[in-house]
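Since the structure comes first, as structure tokens, the remarks are kept for the end.
The values are calculated or read from the model by the stated rules, or taken from the named source; none is laboratory data. Computed from a predicted model, the values in this text were never measured in an experiment. Here Cβ is always computed from backbone atoms with ideal geometry, including for glycine, and neighbour counts include all displayed protein chains.
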Protein chains: 4
Amino acid sequence: MCRWLAYSGSPILIEELLYGPEHSLIDQSRHARMGVDTTNGDGFGVGWYSADTETPAVFRSIEPAWNDRNLREVTGHVHSPLFLAHIRASTGTAVQQTNCHPFRRGEWLWVHNGLVRNFHLIKRDLALAVDESLYADMEGSADSEMLFYLALTFGLEDDPPTAVERMVGFVEEVGHRHGVEHPIQMTIGTTNGESLWAFRYSSERDSRSLFFSTDIRAVREMYPERPRLQEVSDETRIIVSEPLLDLPGAWNEVPESSYGVVQEGEDELRPFRPVYSANGG
Amino acid sequence: MCRWLAYSGSPILIEELLYGPEHSLIDQSRHARMGVDTTNGDGFGVGWYSADTETPAVFRSIEPAWNDRNLREVTGHVHSPLFLAHIRASTGTAVQQTNCHPFRRGEWLWVHNGLVRNFHLIKRDLALAVDESLYADMEGSADSEMLFYLALTFGLEDDPPTAVERMVGFVEEVGHRHGVEHPIQMTIGTTNGESLWAFRYSSERDSRSLFFSTDIRAVREMYPERPRLQEVSDETRIIVSEPLLDLPGAWNEVPESSYGVVQEGEDELRPFRPVYSANGG
Amino acid sequence: MCRWLAYSGSPILIEELLYGPEHSLIDQSRHARMGVDTTNGDGFGVGWYSADTETPAVFRSIEPAWNDRNLREVTGHVHSPLFLAHIRASTGTAVQQTNCHPFRRGEWLWVHNGLVRNFHLIKRDLALAVDESLYADMEGSADSEMLFYLALTFGLEDDPPTAVERMVGFVEEVGHRHGVEHPIQMTIGTTNGESLWAFRYSSERDSRSLFFSTDIRAVREMYPERPRLQEVSDETRIIVSEPLLDLPGAWNEVPESSYGVVQEGEDELRPFRPVYSANGG
Amino acid sequence: MCRWLAYSGSPILIEELLYGPEHSLIDQSRHARMGVDTTNGDGFGVGWYSADTETPAVFRSIEPAWNDRNLREVTGHVHSPLFLAHIRASTGTAVQQTNCHPFRRGEWLWVHNGLVRNFHLIKRDLALAVDESLYADMEGSADSEMLFYLALTFGLEDDPPTAVERMVGFVEEVGHRHGVEHPIQMTIGTTNGESLWAFRYSSERDSRSLFFSTDIRAVREMYPERPRLQEVSDETRIIVSEPLLDLPGAWNEVPESSYGVVQEGEDELRPFRPVYSANGG
């Protein structure tokens, strides 16, 4: 059912966040607590930005994350101020790199936890709605990639919240037309290398868990004995499918049907409302 | 640029044909002589029929064939009267199992050597022509899989030669509409477990090589010292991208723009003519 | 921590046993109940015998078993009267095919669940005891392969129980010499294609679970509604790390420190006693 | 038969050197000109140093280099002043990550092109000579890793040229004792992150090719139209199995039976003489 995390803040060695905490993402690959499945072993991916290259790097593999040496090597030697990591539990589609997250287009990255219900049934209708100029660039067979390309079609690069709201509205309309009661279940993380958006929504209003780190200044004061917390900048934020360590007061749950933005200046948390074609198309 | 072989005849250990001859398919994976590229290392696959299961087995991998131990193990322990094997040289699409041949649907298998030119440009138009009930079953991103699903759409299961002729006509029409001069280059092998069809065609009438074994009775008389040839049944036929060994008189080239059928009773060799929508749709 | 099964009896489609039961080995790869770890996703292997080839086939892979399509394809198309299957949870050594079970030499197969404690510390001493003519054939780095080669050195091919008892005694002596309190933990399955031996032992006398199927005639009478049980021969036996389905009366636990033999004629269950150099060398 | 390159100089994007030149290492993976085999598709590896981590990173894979997307991603986003890259053509041992180069221990990296002849025959004798404290750290089965551990045993970290000369002398002595006429064939690259050593030697005095870049100041003057050459520092050096591009005057062949050192201050080129136990043990 997948787990993911996003980091934005002072540049850190990616490995520190991926492997360090007691219930790190790598630990979650074998022992997830809040997911539908405890095992997320159908591949992984990490996408990171760095100062000296234009587009983010994406390293994806079909191996389980927990014993992958290359993941450890690469993340143990790369510093980044902004990265996404994802561990996959396939909901049926093939285990192959092109189905692993993050998906990338230009400077954008995209990770998804959840599924499109009865995806096989509505896949063609969704694919036909993808912009003609984008269609041939879809390489995999996963619902998550399709959601990304639909969001791009609906304007992700210009206005991410509206594009995702229109994408979700469209998927629900197509699903309902085919008799699917609750077409979509999702938490989504996406970024253009500057801001970071995190969405939590599901048609049944019972979405997968999603958390963001509390203002780090408050956490620092509560835990003066944690040196790593003292070092990162005030703007540092972490968004995760489930908390990386038990630190009371350090995590806030993203509320049902809402989204957050981590950006220069004040961060935001807002309600998420699908846009349907009657009022949005 | 891919190489493939097809075998129909007395049940043999698959390994014998795949590894045995001096210029075997496995040798061709590193040292192809007649292909565009000498290396065919972007994955492989073998599909075989057996007496006691309904659908053929398909074993596909993204590793190069030459050092894959599982390929050797499996083919070294399975006998089959009818099988297809393929080694891949990607023309750009991802190296992943779902892009490896043979492709299968029900009792049908399909291998392809060649390419759809400017596939990226015309992919969407081709995909939209795939029957709605089949669309969501395409799992990969390769042109070869698309050709298979178009052929299925055009009636492969009922009349293979006509279906392939209509498929090729359609691809050429779509390609020409997008300004592609020579849209398709192909040799194709396909079977339903009973008969076996092999096609050789290209828009520019300069198709990849394809050979079929001469009547094995004649070959036997010429080469009495080859015990293996004496053992297989009279109906045994091999079709290959390039000859497996230098045995003068043992191989016939499939003529440009033609196709052959290996079947119970007399085998056939006929001209191949694309069917265009004006005269076929 | 690994799980394994062994089957001996009427030829069956391997897939039936591997995937069919509610708590099948494939299910155990994600949801083991009796193991140290619930996830066994560090590769798998299956080795099978067939009537028409001399040595057993071995198909091994580093992918998790649960979503591996080739495993499903191969086991879904091969019948066998005798096979071993194994799913791996690495205790530290690399995830690579040469560390996957079953290990094979000639007609022998070998699977192991457990570990050699402080293997890194005593590895060299164990390796030096491997027969000189065998040493260079070890290809992997796992303790399990080393145990196999030590057993071969101590006469596995002539007298399996004594060879394993001497191997275990030797490993314990070397371990104790290096200050390792409980050097070995193991269940082992091994076969030469005719008989099948299963061992359960650990230095601390608290061994991993191991079960064998009860006399199938008794089970049949208890469960007349299970047609599959009615079809296999009276001699059919299954040995498993943990029961494949809840069928009261169908499974016996192999007692602590004992071993069983499935063979033509009467099966046997005997105590297992390590042989030390003082009384065995 | 393997190909490798080493780079030392101004920090560059690794991809630039790996993929950029017309006959780049990636091109050599399919079309080597000077090797025994044209295909080097049995895995690859790259090891790099960076300013902010203590030990070098090593990224290794069993896939062919030419279509590996992760290799492109990682090398396309990492700058380094010192790195080694290697493409493998197995001479018989398993295709697995632990047999891929570079091998690493602490801050040392090691790549090898060539082979130990009759390695299977003398493997045990070589392994017994590896220092007891190092033995258990060997993870693979390749001759190249064994040579590295023997060199470490003979003092690589203190005096690399002498350690390699003693290692080679030892391998030749063991080989000759077993009747192997020409036990070793090698070019070797090794570095501790500061200096870089490159060796060319074979028992038959007919060693694999090895080149180093000419003083870059001279090359710059000859080729003023090549902007990339103008940008790197004067100390920049490249060592390669075969030249990366046809640039007359840009490459010098490492002479038969010699070694070079790229280091702060003046580089060196010296004769290589195996040290035998009589005069060296």
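Might you check whether a residue that is touching a Cys at 6+ places or on another chain (Cβ under 8 Å), modelled with pLDDT of 95 or more and not aliphatic (A, V, I, L, M) occurs anywhere in region A:104-111? Scanning region A:104-111 turns up no residue that is touching a Cys at 6+ places or on another chain (Cβ under 8 Å), modelled with pLDDT of 95 or more and not aliphatic (A, V, I, L, M). For region D:183-193, filtering for residues that are crowded, with 21+ Cβ neighbours inside 10 Å and farther than 15 Å from D:Ser241 by Cα leaves 3. Scanning region B:69-111 for residues that are within 20 Å of C:Ala57 (Cβ to Cβ) and of a type in the set (Gly, Ala, Ser) returns B:Gly76, B:Ser80, B:Ala85. Taken over region D:93-141, the criterion of being more than 8 Å from chain C (Cβ to nearest Cβ), buried (at least 24 other Cβ atoms within 10 Å of the Cβ) and in a loop (DSSP other than H, G, I, E, B) is satisfied by D:Cys100, D:His101, D:Pro102.
Within region B:3-10, can one find any residue that is within 14 Å of chain C (Cβ to nearest Cβ) and surrounded by fewer than 19 Cβ atoms within 10 Å (Cβ to Cβ)?
Yes, that holds for at least one residue.
Of all residues in region C:194-219, exactly one satisfies the criterion of being modelled with pLDDT of 95 or more, surrounded by fewer than 18 Cβ atoms within 10 Å (Cβ to Cβ) and of a type outside the set (D, E, K, R), namely C:Ser195. Look at (1) at pLDDT 95 or above; (2) out of contact with any strand residue (DSSP E or B) (no Cβ under 7 Å at 6 or more places or on another chain); (3) buried (at least 24 other Cβ atoms within 10 Å of the Cβ) and you find that D:Pro64 fails only one, number (1). Assess whether D:Arg124 counts as being charged (D, E, K, R) and without any contact (Cβ under 8 Å) to a residue 40 or more places away in the chain. Here the answer is yes, as D:Arg124 does meet what is asked. If you check A:Thr55 against the conditions, is it at pLDDT below 95 and within 24 Å of C:Arg69 (Cα to Cα)? Here the answer is no, as A:Thr55 does not meet what is asked. Against the definition (within 10 Å of chain C (Cβ to nearest Cβ), within 18 Å of the chain's Cα centre (by Cα) and buried (at least 24 other Cβ atoms within 10 Å of the Cβ)), how does B:Gly47 come out, yes or no? Yes: the conditions hold for B:Gly47.
State whether the residues of region B:226-237 include one that is touching a residue at least 24 places away in the same chain (Cβ under 8 Å) and within 20 Å of B:Gly114 (Cα to Cα). No, region B:226-237 contains no residue that is touching a residue at least 24 places away in the same chain (Cβ under 8 Å) and within 20 Å of B:Gly114 (Cα to Cα). With respect to the conditions (1) closer than 23 Å to A:Pro160 by Cα; (2) within 11 Å of chain D (Cβ to nearest Cβ), A:Thr75 lacks only one, and its number is (1). Going by the conditions given, is A:Val58 within 22 Å of A:Ser24 (Cβ to Cβ) and surrounded by 24 or more Cβ atoms within 10 Å (Cβ to Cβ)? The answer is no for A:Val58.
Yes/no matrix, rows are residues, columns are (1) among the basic types (Lys, Arg); (2) under 30 Å from B:Asp68 (Cβ atoms):
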{"position": "D:Tyr19", "(1), (2)": "no, yes"}
{"position": "D:Ala51", "(1), (2)": "no, no"}
{"position": "D:Trp66", "(1), (2)": "no, yes"}
{"position": "D:Arg72", "(1), (2)": "yes, yes"}
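Of the residues making up region A:78-92, those that are more than 10 Å from chain D (Cβ to nearest Cβ) and surrounded by fewer than 24 Cβ atoms within 10 Å (Cβ to Cβ) number 6.
From the list C:Asp42, C:Asp52, the one residue that fits, being crowded, with 22+ Cβ neighbours inside 10 Å and either in contact with a Lys or Arg (Cβ under 7 Å, 6 or more places away or on another chain) or at the interface with chain B (Cβ under 10 Å from one of its Cβ atoms) (or both), is C:Asp42.
Can you tell me which residue in region A:77-92 is nearest to A:Arg30 (Cα to Cα), limited to those that are assigned to a loop (DSSP other than H, G, I, E, B) and touching a Ser or Thr at 6+ places or on another chain (Cβ under 7 Å)? Only one residue tops the list, namely A:Ala89. The set of residues in region B:152-189 that are within 20 Å of B:Ala85 (Cα to Cα) and of a type in the set (Gly, Ala, Ser) contains only B:Gly189. Identify all residues within region A:20-39 that are crowded, with 16+ Cβ neighbours inside 10 Å and within 25 Å of A:Gly260 (Cβ to Cβ); write none if there are none. The answer is A:Pro21, A:His23, A:Ser24, A:Leu25, A:Ile26, A:Asp27, A:Gln28, A:Ser29, A:Ala32, A:Gly35.
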